[in-house]
Amino acid sequence: MSALQDGALPEPLEDDRVLRAKIEEALKEVPGAAVNLINYTVHKGNVAVWGVADSDFEENAIRVAVENVPGVRTVEVHMGRLPAWAYGI
């Protein structure tokens, strides 16, 4: 049974779709960030980011990149770290 009344997710707002595309472009500009290891949601200009960052510096760069996108109201960042053995080292 779905927790949603009609069983379907709400359609994203057009502004959020545009904002999501701008965030994607901003994240591609973060040096060293593995964009394929980052996911984010946008709801009414509020952004939540999850993923993997190699360092606190990289995580902060991701936060700043998202915060600087025009139209972003708030940013929550939930980044984890992978141990070195995960990279095959």
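Listed values, structure above:
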| quantity | calculated |
| --- | --- |
| Amide proton proximity set for ASN46, modelled H, under 5 Å, gap of 5+ | ARG73, THR74 |
| Label-reachable residues, segment 19-42, where backbone N falls under 15 Å from a point 7 Å from ASN60's Cα toward its Cβ | 31 |
| Computed over segment 15-77: relative contact order in percent, which uses C-alpha pairs under 8 Å that are six or more apart | 37 percent |
| ARG20 - accessible surface, heavy atoms, 1.4 Å probe, Å² rounded to 10 | 90 Å² |
| Net lengthening on full extension, VAL52/GLU24 (0.36 nm per residue, minus Cα-Cα) | 8.5 nm |
| Environment charge at ALA26 (Cβ cut-off 12 Å; Lys +1, Arg +1, Asp -1, Glu -1) | 0 |
| Under the Karplus curve 6.51 cos²θ - 1.76 cosθ + 1.60, θ = phi - 60°, whole-Hz ³J(HN,Hα) for segment 68-74, x wherever Gly or Pro sits | 7, 7, x, x, 6, 8, 9 |
| VAL52 - accessible surface, heavy atoms, 1.4 Å probe, Å² rounded to 10 | 30 Å² |
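The values are calculated or read from the model by the stated rules, or taken from the named source; none is laboratory data. On a predicted model such as this, the values are computed, not experimentally measured, just so you know. No Cβ is skipped: glycine too gets one built from the backbone with ideal geometry, and neighbour counts run over all protein chains shown. For the accessible areas, the whole protein counts, side chains as well, though only heavy atoms, and no ligand, DNA or RNA atoms are used. Shrake-Rupley method; radii C 1.70, N 1.55, O 1.52, S 1.80 Å.
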